[in-house]
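Have a look at the structure below before the remarks.
The values are calculated or read from the model by the stated rules, or taken from the named source; none is laboratory data. Since we're looking at a predicted model, the values are computed, not measured. FYI the Cβ positions are ideal-geometry reconstructions off the backbone, even for glycines, and counts take in every protein chain you see.
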Amino acid sequence: MDEFERELRQALGRQPAPQDLKSKIMARRAQQPQLVRQPRSTPRPHVFHWQRMAASITVAAVLAGGLLWREQEQRRRGEEARDQVLTALRITGHALDHMHSQLTAHDHAAEE
Amino acid sequence: MVHDDQLDFEQLVDEHQAMVYSLALRMTGDHGLAEEIAQDVFLELDRNLSKIESADHACFWLRRVAMSRSTDALRRRQARRMEQWVEIEEGHGAKAESSSSPLASGLSSRLEQLLATLPEAQRAALLLRYQEDLTPEEIAAALGAPLATVKSHLQRGLKLLRAKAATHLHEYIR
């Protein structure tokens, strides 16, 4: 550190704060809503812990139930649609068979 | 518990008010603004008192927040109007000189005035180095800046200040 830096250090000594600074700070502090100061080390009561766990389990159960119901509903609708398609195919098959037998009978009559 | 907090808080104000006020004053050059910043910084400390782990932590926290609030205030003021700066600088210089009389104090106040003309980042680094006696590593932590940047600001700031002193303070500098 040279002479200039020593001068600078001397020049930059801390200035005293205004005499009423502290009282102004304390006055403003008093005007503010009182903070609820909780020591960092204080553990949360166990009851909150269990309440949180119970709430989490309930939410998880409701969600899982909802998902299961949705899956079953989709499966039921799918089976219903499949049955309807099979019925339609069966009816179409009968109609075609009937038409085929009529055509065959018509052909025989024409040959005779 | 609240009473203990209050005692601790008051003790912190007693111990660190000069540091916080000086940092704000030398960063902004404005007594009124510096006082306002110091009040805000301590009220913020009060709100965060539960996070403060030790006396050293409180000191570090106060330095960091004081520098940050001062920088914010400077930027807000620069954005508002530039001409105010001239008035404030003149006022600051006049008051500083009035509080000191002999030759040595004259040099000190002139050095302070020259410091106020440095770019903001260089001024902040020099202030923490020569007012607070911090190492470059500690300055980097206080300003939240890379160490290389802080070293560069210190070197350039000191060089610029020497040059200004050589020009303006030749009657004092041998």
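Computed values, structure above
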| item | result |
| --- | --- |
| Verdict on B:Glu36 being modelled with pLDDT of 55 or more, in a loop (DSSP other than H, G, I, E, B) and not assigned by TED's automatic domain parsing to the domain that holds B:Ala165 | no |
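Yes/no matrix, rows are residues, columns are (1) among the aliphatic types (A, V, I, L, M); (2) within 19 Å of A:Arg28 (Cβ to Cβ); (3) touching a residue at least 24 places away in the same chain (Cβ under 8 Å); (4) at the interface with chain A (Cβ under 7 Å from one of its Cβ atoms):
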site	(1), (2), (3), (4)
B:Asp8	no, yes, yes, no
B:Gln17	no, yes, yes, yes
B:Ala24	yes, yes, yes, no
B:Met27	yes, no, yes, no
B:Gly32	no, yes, no, no
B:Ala38	yes, yes, yes, yes
B:Asn48	no, yes, no, no
B:His57	no, no, no, no
